[in-house]
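Below: the structure, in structure tokens.
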Amino acid sequence: MIHPDTVVTCHRNADFDAVAALIGAGLLYPGAALVFPGTQEKPLQALYDEALQYLYAFTPARDIDPSAVRRLVVVDTRQADRLPHVRLLLDKPDMEIHVWDHHPDGEGMVRADFARVDARGVGSTSTLLVEEFERRGLRPRCEEATLLGLGIYGDTGSFTFTSTTARDYRAAAWLKERGMDLGVVAGLVRQELSKEQLLALNDLLESAEIHQLGGSILAVASARLDGYLNDFARLAPRFMELQPCQVFFGLGAMGDKIQVVARSRVENVDVGAICARLGGGGHRYAAAAAVRDRAMPELRDFILGQVSIQANPDKTAGQLMSSPVVGVEEGVSLREAEAVMGRYGLKAVPVFRPGTKLCAGWLEHQLAVRAVSHGLGAQAASDYMQRNFQVVDMGAGLQILMDVIVGARQRLVPVVGGPELPEQLEPEAEASRREILKERPVVGVVTRTDLIRLFMDDDAAHLPQPRQRARRERNLARALRSRVPAPCVELLERAGRMGTKLGVNVYVVGGFVRDLIMDRKDRCWPDMDIDLVVEGDAIAFAHALAAELSGRVREHREFLTALVLFPESGLARRPTRRNATCAPFGAAVSGREVRVDVATARLEYYTSPAALPTVELSSIKMDLYRRDFTINAMAMHLNEGAFGLLVDFFDGQNDIRRKRIRMLHALSFVEDPTRALRAVRFEQRYGFRIGPQ
């Protein structure tokens, strides 16, 4: 146990800037105990193990007598929750606390008796320390100059981040004059990526969703990792080099959490504020968070919404609302309410007090439909409406609307007239304000669809453009023509042309696409499983295709499917591109009948475990979602103009590359127990491994 007067420390999971500032502050506070809380960055840990622990006398926090400490110096953070190792010192009422930091204000800031904080004027905390050295006339050793330079280079992205300022350049120049070794800095700042990091970077690049925000480009990318990946943040600058963008959010699924790393090179997008809402931190241009309470799709949507909010700071409920408002009164029946919503194509309506436009609740169309189907159509709408709701005034901003629609899961937000009432900090005062607003007449509504339309509007300035997913844009046409016999290619091309002629989208799906990507060579034409999915009337399409190929049709109307059978002579013969007796998928065998399964894109649901499915019309995405595993949930577009485009909503390509069998949802085996047997068969046949679900 030691008894220092002063303790200097930085935040847990330290980076180069934090450690450099920690050691630099030790020079400004002679005799202080240096507490290094550890790091998850491999280059920094290696530097600590090989050099820093021998050059400097670090002390574990547990070896310090808290009663002896009079002054605590904190560098590179002001957030108390990032300083758990000195919690006892922070909680001492008579503790003198000094802070050196370049991060912006946020929640949970430590109190400070002295603060040297500049969130906009410098790009690193090390710069603040260097300026203080210069002011005091202190000359660091070459080791300290190199380490402080490492802190500046690390937190400014080698002077490429938008947060970099002229003061950072001047501080680096001052350090160079005093012996900073740029060779050491370069070797530590930019290290080669490990195999695991390269795989993760590839996943990020392939999964990237690109959005145009006015003159800036946002990229949101994700990677599913088998375990914890050190230095995930190092992938951010590499990604931005390979995929040009001004704002980047990388999401890494690691065990029970999703690690978020964010970078911004534009003034109007503060990634630090967005990560703070996720429980993380950082500054305007670089931030991170560890998220445990959101699924990947929900997290992507949250990020897109938050960036859009920052890009549209002046949008209000009054500008976005639909008016005049369509609603029903409390006394109307559920059947009448359902008819109103059906007539106007509404998913929800406000319910008004009789004879007024004062909101008493809101009613969902789906709930009304289900209630009517159960014979409750004569019941009053007020008996089934949502009574726990919020209203907003016309001046409410996008963040308030997002909090209500997304956070509180309120599909519809009534907008009331009258003067604005500012939000209150005290919970009781805010509750009173909300009750006052409910006594005002409703003049319009903002719905979830309105927000989606706002975020996806092509023509609006500073708004995200429709998503472009790199993975979905992969075209398999070349692979198809080189790996598959010509008659099969001809069949798929003619099916696509027929779909275009009939005005429906046609896809080949499932095992065919999986085997094409895997380049399997054990299937022979015409004994191949060809499954087509039609976004429309599959039975009508099947009859048209059969007529084209001189074939016949077996209908299964209950399941919206059909089987097309036709002789090989129905296809225009072309020479195969390989001479093997069983080329990839095999060579053609003459005189055989070809079978093609055609299905309507459909949604299946199960009324009970292991029951036969109930079938409804749906889209290609929902059709793929009902399948067993991600590797079987891919499709290839066949229509003219899009022939060969791969549709992969669920990352099946990546699972094939990683030899992984992954279910699409948790109830997959419950709904169809035979899927467990298929999983084992795939595992044995292809050398895959079954995922942890």
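None of the figures in this text is laboratory data; all of them are computed from the coordinates on show. This one's a predicted model, so the numbers in the text were calculated from it and none came from an experiment. FYI the Cβ positions are ideal-geometry reconstructions off the backbone, even for glycines, and counts take in every protein chain you see.
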>> Rounded to the nearest 20 debye, what is the charge dipole size of region 195-311 about its Cα centre when +1 sits on each Lys and Arg Cβ and -1 on each Asp and Glu Cβ?
In response: 220
> Taking the Cα-to-Cβ direction at D105 and at E640 and moving 7 Å from each Cα, how far apart do the two end points lie in nm?
Replying inline: 6.4
>> Please give the charge dipole size of the chain, origin at the Cα centre, charges +1 on K and R Cβ atoms and -1 on D and E Cβ atoms. Round to the nearest 20 debye.
In response: 2160
>> Modelling each spin label as a point 7 Å along the Cα-to-Cβ direction, I'd like the D226/R433 distance in nm, to one decimal.
In response: 5.2
>> Loop-only chymotrypsin sites (Phe, Trp or Tyr not before Pro) in region 137-239, please: DSSP not H, G, I, E or B, and at most 15 other Cβ atoms within 10 Å.
In response: F159, Y228
> Between V680 and Q53, what length in nm is gained on full extension when 0.36 nm per residue of separation is reduced by their alpha carbon distance?
Replying inline: 220.7 nm
> What FRET efficiency comes out for the pair E420/E196, r = Cβ-Cβ distance, R0 = 45 Å, nearest 0.05?
Replying inline: 0.30
> Between S67 and R116, what length comes free when the chain is fully extended (0.36 nm per residue of separation minus the Cα-Cα distance, one decimal in nm)?
Replying inline: 15.1 nm
>> How would region 105-168 be classified by its alpha-carbon gyration tensor: rounded, prolate or oblate, with rounded meaning a/c under 1.5 and the a/b versus b/c comparison settling the rest?
In response: oblate
>> To check you understand DSSP bridge types, tell me what percent of the beta bridges within region 131-256 (both residues inside) are antiparallel, rounded to 5.
In response: 40
>> With θ taken as phi - 60° and the coefficients 6.51, -1.76 and 1.60, list the Karplus ³J(HN,Hα) couplings across region 491-508 in order, rounded to whole Hz; mark glycine and proline as x.
In response: 4, 5, 5, 5, 5, x, 5, 5, x, 4, 4, 8, x, 10, 7, 10, 9, 9
>> If I take every Cα pair under 8 Å that is 6 or more residues apart in the chain, average their sequence separation and divide by the length, what percent do I get for the relative contact order?
In response: 8
> Using θ = phi - 60° and the Karplus form 6.51 cos²θ - 1.76 cosθ + 1.60, what ³J(HN,Hα) does each residue of region 555-566 get, whole Hz, x for Gly and Pro?
Replying inline: 8, 9, 5, 4, 9, 6, 10, 8, 10, 9, 10, 8
> For region 355-460, which GluC sites (Glu not before Pro) are in a loop by DSSP, counting at most 14 other Cβ atoms within 10 Å?
Replying inline: E420, E423, E439
> DSSP loop trypsin sites (Lys or Arg not before Pro) in region 402-442 with at most 14 other Cβ atoms within 10 Å of their Cβ, which ones?
Replying inline: R409
> Nearest 0.05, what FRET efficiency do L502 and E267 give at R0 = 56 Å with Cβ-Cβ as r?
Replying inline: 0.65
>> Between helix 334-344 and the chain, what is the angle of the helix's C-alpha long axis to the longest principal axis, kept within 0 to 90° and rounded to the nearest 10?
In response: 90
> What fraction of the DSSP beta bridges in the chain is antiparallel, stated in percent and rounded to the nearest 5?
Replying inline: 65
> Hey, what do the phi angles of region 654-659 turn into as Karplus ³J(HN,Hα) couplings, whole Hz, using 6.51/-1.76/1.60 and θ = phi - 60°, x for Gly and Pro?
Replying inline: 5, 5, 5, 5, 8, 6
> So how much slack lies between K42 and Q366, counting 0.36 nm per residue of separation and subtracting their Cα-Cα distance, in nm?
Replying inline: 111.4 nm
>> Suppose a student asked you for the relative contact order of region 318-456, using Cα pairs under 8 Å spaced at least 6 residues apart; what percent would you report?
In response: 29
> Using alpha carbons only, how many degrees (0 to 90, rounded to 10) separate the axis of helix 427-437 from the longest principal axis of the chain?
Replying inline: 40
>> Can you list residues from other chains, or at least 5 along the same chain, whose modelled amide H is less than 5 Å from the amide H of I690?
In response: I661
> What is the distance, in nm, between label points placed 7 Å from the Cα along the Cα-to-Cβ direction at V326 and at T160?
Replying inline: 5.2
>> Using Cβ contacts closer than 10 Å as the measure, can you line up T356, T561 from fewest to most?
In response: T356, T561
> Relative contact order (percent) for region 64-128, with alpha-carbon contacts under 8 angstrom and 6 or more residues of separation?
Replying inline: 34
> For region 195-311, what number results from the quotient of the Cα radius of gyration and 2.2 N^0.38 Å?
Replying inline: 0.95
> Roughly how many Å is it from the Cα centre of region 637-656 to that of region 4-79, as a whole number?
Replying inline: 51
> Could you give the angle, 0 to 90 degrees to the nearest 10, between helix 296-311's Cα long axis and the longest principal axis of the Cα atoms of the chain?
Replying inline: 60
> How much mean residue ellipticity at 222 nm does the chain get from its helices, if each DSSP H run of length 4 or more adds -39500 (n - 2.57) and you divide by all residues, to the nearest 500 deg cm²/dmol?
Replying inline: -9500 deg cm²/dmol
>> From the mean inverse distance of alpha carbon pairs (Kirkwood) and the Cα radius of gyration, derive Rg over Rh for the chain.
In response: 1.05
> Where the eigenvalues come from the Cα gyration tensor of region 6-189, what are the semi-axes √(5λ) of the equivalent ellipsoid, largest first, in whole Å?
Replying inline: 25, 18, 15
